[in-house]
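**Student:** Quick one: the structure is below, questions incoming.
The values are calculated or read from the model by the stated rules, or taken from the named source; none is laboratory data. Computed from a predicted structure; not experimentally measured. Cβ coordinates were reconstructed from backbone atoms using ideal geometry, including for glycine residues, and neighbour counts include every protein chain displayed.
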Amino acid sequence: MNPVKNKEVNQFIETLPDHTKELTNTLRKIIFEASDTITEEIKWGKPCYIENGLVCYLQTAKSHVNLGFYFGATLEDKDNLLEGTGKKMRHIRVKKLEDIQTEKFISLIQEAIEFKT
């Protein structure tokens, strides 16, 4: 099944600088690879991904994109990819395409989908 891409998210990504746009589009593709039924929308000024509740988000900065997890502190994270010290949220900072570990990211996204708040 092809994921339904949200028009607002498309517009948000179109306004990004080329480097950040490429990272964001690649991470977005991975999120949709992780689940056929995940949905996206703009919440709190960034693309957010929802399935059985909040799953993850993409937060853009000048030189990187964070793949964030709303309940990242509860994820197993066997590969120690997640950064952050908050009570719940964690993220992976992606500075270049080579930083992207598709299979490991998909695994974390799927684990986050399984997590029930």
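**Student:** Whether any residue in segment 42-49 is under 21 Å from residue 96 (Cβ atoms), touching a strand residue (DSSP E or B) at 6+ places or on another chain (Cβ under 9 Å) and surrounded by fewer than 14 Cβ atoms within 10 Å (Cβ to Cβ) is what I want to check.
**Tutor:** The answer is no; no qualifying residue exists.
**Student:** In addition: Quick check on segment 3-14. Is at least one of its residues under 11 Å from the mean Cα position of the chain (by Cα) and among the polar types (S, T, N, Q)?
**Tutor:** The answer is no; no qualifying residue exists.
**Student:** Which residue pairs have Cβ atoms closer than 9 Å, lie 6 or more positions apart in sequence or on different chains, and pair a first residue in segment 93-104 that is closer than 9 Å to residue 23 by Cβ with a second residue that is assigned to a helix (DSSP H, G or I) and among the polar types (S, T, N, Q)?
**Tutor:** 94/26; 97/26; 100/26
**Student:** Consider only pairs whose beta carbons are under 9 Å apart and that are at least six residues apart or on different chains; among these, list those whose first residue lies in segment 25-37 and is in contact (Cβ under 8 Å) with a residue 60 or more places away in the chain and under 14 Å from residue 69 (Cα atoms) and whose second residue is of a type in the set (Asp, Glu) and buried (at least 19 other Cβ atoms within 10 Å of the Cβ).
**Tutor:** Hits for this filter: 31/40.
**Student:** Also, I was wondering about something else. Counting only residues that are modelled with pLDDT of 95 or more and in contact with a Cys (Cβ under 8 Å, 6 or more places away or on another chain), give me the strands (runs of 3 or more DSSP E) lying completely in segment 1-94 with at least 1 of them.
**Tutor:** Qualifying strands (runs of 3 or more DSSP E): 39-43, 46-50, 54-60, 65-69.
**Student:** Shifting gears a bit: Kindly indicate which of 75, 67, 54 is within 12 Å of residue 27 (Cα to Cα) and either touching a Lys or Arg at 6+ places or on another chain (Cβ under 9 Å) or touching a residue at least 12 places away in the same chain (Cβ under 8 Å) (or both).
**Tutor:** Answer to the selection: 67.
**Student:** While we're looking at this one, here's another question. Based on this model, can you work out whether residue 81 counts as out of contact with any Gly (no Cβ under 8 Å at 6 or more places or on another chain), farther than 11 Å from residue 27 by Cβ and of a type outside the set (Lys, Arg)? Reasoning before the result, please.
**Tutor:** Details: out of contact with any Gly (no Cβ under 8 Å at 6 or more places or on another chain): yes; farther than 11 Å from residue 27 by Cβ: yes; of a type outside the set (Lys, Arg): yes.
When the stated conditions are applied, residue 81 passes them.
**Student:** Being of a type in the set (D, E, K, R) and over 20 Å from residue 5 (Cα atoms) narrows it down to one residue among 40, 76; which is it?
**Tutor:** Checking each option against the conditions leaves just 76.
**Student:** Can you report the number of residues in segment 55-91 which are surrounded by 14 or more Cβ atoms within 10 Å (Cβ to Cβ) and within 25 Å of residue 22 (Cβ to Cβ)?
**Tutor:** 20
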